[in-house]
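The values are calculated or read from the model by the stated rules, or taken from the named source; none is laboratory data. Since the model is a prediction, treat every value here as computed from it, not as a measurement. Note that we place each Cβ from the backbone using ideal geometry, even for glycine, and neighbour counts take in every protein chain shown. Quick note on the areas: whole protein, heavy atoms, side chains included, nothing else; ligands and nucleic acids left out. Shrake-Rupley method; radii C 1.70, N 1.55, O 1.52, S 1.80 Å.
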Amino acid sequence: MTGLRSLLFLVAYSFRRQLRSRKMLLAAILLALIAVVVVRFGVRATWSARRFGDLVVLKLLGLFFVPVVALMFGTGAIGDDRDERSLVYLVTRPMARSGIFAGKLLAVLPHVLVLNGGGLVLLWLLATVWGRPELEGALAHYLAPVLLSSLAYVAFFHCLAALFRHATLISIAYVFFVEVFLGSVPGILKRVSISFYTASMVYGSGAPLSPPPVFLPIDASTARWVLAGLAVGFLALGAAAFSRREQHDPV
Amino acid sequence: MSSMTPAAPPISLRGVSKWYGPVIGVNGVTLEVEPGITGLLGPNGAGKTTLMKLITGQLRPSVGEALVFGRSVWSRPDARRHVGFSPEVDAFHEEMTGREFVTAMARLSGIPRREARRRAEGALERTGMLDRCDKRLRACSKGMRQRIKISQALVHDPAVLVLDEPLSGIDPPGRIELMGLLRDLAGERKTILLSTHILHEVEAVTERIVLMARGRVLAAGYVGQIRELLAEHPLTVRIACDRRRVLAAALVGLESVAGVALGAPASAGEPEGGDGPGDVVVKVRRAGDFFRRLPSVVLEQGAEVERVEALDASVEAVFGYLVSGAGYGGYGGHGWDGGSSG
């Protein structure tokens with residue numbers, strides 16, 4: 001009971017600390033920039049569901065905003081404490097390390113889901129001002145892929161933070177080389193990227209959007225399970241790694 | 001405290017070694033620490049901080065076991081319930097006030113909200129921070145931050161306190177106050193392991209010490225006991241008496257005495273080698289034997305002894321000897337530079 005109480009407090013405490021962090025401001029600025037793109041495009045041409053899915057959901061959100069927000073919060077959940085050298089106050093308390101890891105993820109999850117899901121809703125609302133009627137029903141197709149990919153990304157980056165001291169740099173390199181570069185090459189190599197499964201979900205969601213000829217998506221149901229599995233798998237891997245690894249300053 | 005193993009010592013290390021890759025931090029340490037204050041001494045790189053991290057469950061021993069009340073502090077979170085740790089590193093959640101921080105640490109220890117607030121106030125009061133605890137941590141002085149660190153270590157009322165350089169950055173009156181607090185805590189049967197580089201501070205609060213160098217425990221026990229173990233290293237004793245020449249002649253015949261010299265006469269008019277009142281300085285091989293025999297020799301010679309004092313039985317002297325024996329040849333009581341990390 002005491003251990004559970006500690007962990008519940010850890011979630012609430014870390015949630016509040018993240019809420020007051022600069023990451024929120026940075027995420028808001030990035031979202032505002034994307035909103036400017038949506039408005040400018042809407043003023044010049046009408047948004048269609050297809051165009052919105054391709055440019056906003058898959059490119060601006062899927063390849064940029066969603067991974068960046070997940071990266072900031074995923075690596076920062078533990079990384080911030082490590083950087084300010086205050087992790088000692090957590091690991092010397094009577095909490096299982098795996099619990100600390102899971103609690104830290106739970107604390108950042110609302111931020112990531114609200115920013116990414118809320119960001120999508122906001123951009124969709126803006127686009128509908130200059131959108132065709134079909135855009136009004138498009139949100140239902142895009143929301144689940146964005147939320148599930150957010151989950152997979154944040155679990156992955158949180159896992160990297162448990163494995164590596166400089167997880168942020170590794171994560172940035174990962175986003176550009178794996179998600180952006182490998183995720184857009186022809187063939188099956190792109191299947192190593194999370195964005196591939198996000199796109200497969202979007203293409204298979206019933207939205208009026210078809211994949212490029214060389215994309216070769218998997219079906220939406222499989223993609224959904226892969227993303228959920230990645231989230232659970234990275235949570236388990238990260239928890240195991242965090243439990244075994246010592247948190248100390250280098251000698 | 002109900003989950004403690006009754007017979008188990010508060011802190012127990014069994015053959016503990018810790019490597020950081022090819023570097024050894026702690027080497028084959030077997031140690032038990034009992035209730036009361038124990039000073040942990042050693043130069044930089046001695047392994048003090050590593051030892052403290054092992055005891056607080058931050059590090060996993062490469063070999064051996066680090067136990068708190070018989071439970072592995074690395075693998076059993078419930079063992080950490082009994083441990084309060086004040087780290088040397090000056091790091092906090094800077095945006096918080098002292099009160100918020102200490103309360104948060106209580107809540108992370110599983111204490112319910114209202115009780116956590118009450119305990120935080122209690123801990124802050126004990127460290128003399130209650131009237132200043134609503135200041136943001138980033139605006140606090142070093143001394144205030146040290147007190148906050150000690151408060152968070154105390155807040156869940158642990159039976160074991162591990163304090164890494166807790167008095168650094170605190171002004172002299174504050175040090176005296178906190179040393180008083182440590183003595184009070186020891187009086188409550190808490191087990192306190194205290195590392196500090198200011199040796200007289202250790203002597204002010206305890207005679208029980210653990211001396212470390214190069215990752216090894218060189219000696220553990222009471223300063224006097226440790227000193228006695230150093231049979232081959234003479235102890236210097238000054239005896240102020242009325243018949244110093246007669247007493248010196250008698251003492252020189254003792255097996256435990258390596259040498260005797262006449263010290264300063266008690267009065268200015270007295271000749272240097274005279275038999276009047278003054279000091280006899282004795283180099284002693286085995287302090288225990290010597291002090292057992294001394295009263296009878298004094299009685300036999302009909303001398304009146306005013307004062308007996310060991311000139312080099314201080315922690316610093318013992319430490320200096322031990323450390324120079326361990327290869328820190330440059331140490332002469334002046335080469336101490338802070339021991340910031342072990």
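Open to solvent by 30 Å² or more (accessible area, probe 1.4 Å) and either within 14 Å of chain B (Cβ to nearest Cβ) or under 21 Å from A:Leu105 (Cβ atoms) (or both): does that describe A:Leu160?
No; evaluated as a whole, the condition is false for this residue.
From the residues in the stretch A:1-49 that are closer than 30 Å to B:Asp78 by Cα and among the hydroxyl-bearing types (Ser, Thr, Tyr), which one is farthest from the other protein chains (Cβ to nearest Cβ)?
Among them, the one singled out is A:Ser14.
Scan B:Gly221, B:Gly169, B:Gly180 and give me the residue that is under 24 Å from B:Leu67 (Cβ atoms) and either outside any strand (DSSP E or B) or open to solvent by 10 Å² or more (accessible area, probe 1.4 Å) (or both).
Among B:Gly221, B:Gly169, B:Gly180, only B:Gly221 is under 24 Å from B:Leu67 (Cβ atoms) and either outside any strand (DSSP E or B) or open to solvent by 10 Å² or more (accessible area, probe 1.4 Å) (or both).
Filter the stretch A:62-102 down to residues that are crowded, with 20+ Cβ neighbours inside 10 Å, assigned to a helix (DSSP H, G or I) and without any contact (Cβ under 8 Å) to a residue 40 or more places away in the chain and give me whichever is farthest from the other protein chains (Cβ to nearest Cβ).
A:Asp81
Filter the stretch A:229-251 down to the residues that are in a helix (DSSP H, G or I) and open to solvent by 30 Å² or more (accessible area, probe 1.4 Å) and list them by number.
A:Gly229, A:Leu230, A:Val232, A:Gly233, A:Phe234, A:Leu235, A:Ala236, A:Leu237, A:Ala240, A:Ser243, A:Arg244
Just to be sure before I move on: is A:Ala32 open to solvent by 40 Å² or more (accessible area, probe 1.4 Å), farther than 20 Å from A:Arg165 by Cβ and modelled with pLDDT of 95 or more in the structure I sent?
So A:Ala32 passes the test.
For A:Gly204, indicate whether it is without any contact (Cβ under 8 Å) to a residue 60 or more places away in the chain and surrounded by 14 or more Cβ atoms within 10 Å (Cβ to Cβ).
It is true that A:Gly204 is without any contact (Cβ under 8 Å) to a residue 60 or more places away in the chain and surrounded by 14 or more Cβ atoms within 10 Å (Cβ to Cβ).
Return the residue satisfying two criteria in turn: it lies in the stretch B:67-109 and is touching a Leu at 6+ places or on another chain (Cβ under 8 Å) and of a type in the set (S, T, N, Q), and of such residues it is farthest from B:Asp157 (Cα to Cα).
Residue satisfying both the conditions and the ranking: B:Thr97.
Looking at (1) in a loop (DSSP other than H, G, I, E, B); (2) modelled with pLDDT of 85 or more, can you tell me which one B:Pro271 breaks?
In the conditions (1) in a loop (DSSP other than H, G, I, E, B); (2) modelled with pLDDT of 85 or more, B:Pro271 misses (2) alone.
Just one of (1) in contact with a helix residue (DSSP H, G or I) (Cβ under 9 Å, 6 or more places away or on another chain); (2) more than 14 Å from chain B (Cβ to nearest Cβ) trips up A:Lys59, so point out which.
The one condition A:Lys59 does not meet is (1).
Quick one: B:Met52 ticks every box in (1) more than 25 Å from A:Arg5 (Cα to Cα); (2) in contact with a Lys or Arg (Cβ under 7 Å, 6 or more places away or on another chain) bar one, so which box is it?
(2)
Which helices (runs of 4 or more DSSP H) sit wholly inside the stretch B:46-115 and have at least 2 residues that are of a type in the set (S, T, N, Q)?
B:48-55
Identify, from the list B:Glu100, B:Glu88, the residue that is more than 9 Å from chain A (Cβ to nearest Cβ), open to solvent by 10 Å² or more (accessible area, probe 1.4 Å) and without any contact (Cβ under 8 Å) to a residue 40 or more places away in the chain.
Of B:Glu100, B:Glu88, the one residue that is more than 9 Å from chain A (Cβ to nearest Cβ), open to solvent by 10 Å² or more (accessible area, probe 1.4 Å) and without any contact (Cβ under 8 Å) to a residue 40 or more places away in the chain is B:Glu100.
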